[in-house]
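**Q** This is the structure, below, for whatever I ask next.
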Amino acid sequence: MSRMDSVQQSSQAPTPTLPGDVVSALNTLHDFVAAATSIPPQIVVTCRDEKRAFGRVALQSMSYRKAVDMFITRFATKEDWWISEYRYKPEVTIYGRFYRQHGEDDDGMIILDERGWSELVGNVVKMTIIFTSLKFTVTAQSPKP
């Protein structure tokens with residue numbers, strides 16, 4: 001038997017079969033990695049009827065407060081400010097829709113908290129900005145006779 005025949009025989013050795021649970025775990029891991037790498041680099045941010053795209057990395061690199069200030073600059077109208085543009089900024093609530101949560105589509109928009117901002121932004125595909133007006137109407141009530 002020649003050396004070539006020996007090499008050819010050894011390369012045709014039977015491939016070991018993996019147990020079903022290992023194959024299942026590898027498939028789940030593959031699906032998770034494929035989904036994680038398919039998250040787009042942009043996040044679509046909506047406020048009222050206006051939509052803008054922001055870079056995911058740019059939002060992750062800024063603090064929550066800086067992001068809020070930026071959203072106020074981009075989306076707030078004069079009616080959102082209380083008294084003037086120099087005093088009492090509008091309150092902002094940021095909602096996010098996550099790409100996936102434990103392998104299933106997310107149920108809907110969820111308020112994003114300041115703590116863990118960078119981590120949360122890493123998995124968000126859409127955001128909605130809501131301005132809470134600080135303006136309120138005070139009505140004078142006349143005393144009852």
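**Q** Sort out which residues of region 52-78 are among the basic types (K, R) and in contact with a strand residue (DSSP E or B) (Cβ under 6 Å, 6 or more places away or on another chain), and write them in order of number.
**A** Scanning region 52-78 gives R52, R56.
**Q** Let me ask another. Looking at F71, is it within 25 Å of the chain's Cα centre (by Cα), at pLDDT 85 or above and surrounded by 11 or more Cβ atoms within 10 Å (Cβ to Cβ)?
**A** Yes.
**Q** Follow-up. Counting just the residues of region 74-118 that are among the hydroxyl-bearing types (S, T, Y) and at pLDDT 90 or above, which one comes out farthest from E50 (Cα to Cα)?
**A** The extreme case among them is S118.
**Q** Note down all Cβ pairs under 6 Å where the first residue falls in region 44-72 and is touching a residue at least 60 places away in the same chain (Cβ under 8 Å) and more than 16 Å from T93 (Cα to Cα), the second is assigned to a helix (DSSP H, G or I) and not aliphatic (A, V, I, L, M), and they're at least six residues apart or on different chains.
**A** Q60/S118
The values are calculated or read from the model by the stated rules, or taken from the named source; none is laboratory data. All figures in this text were calculated on a predicted structure; none of them were measured in a lab. Please note: Cβ atoms are built from the backbone with ideal geometry, for glycine as well, and neighbour counts cover all protein chains shown.
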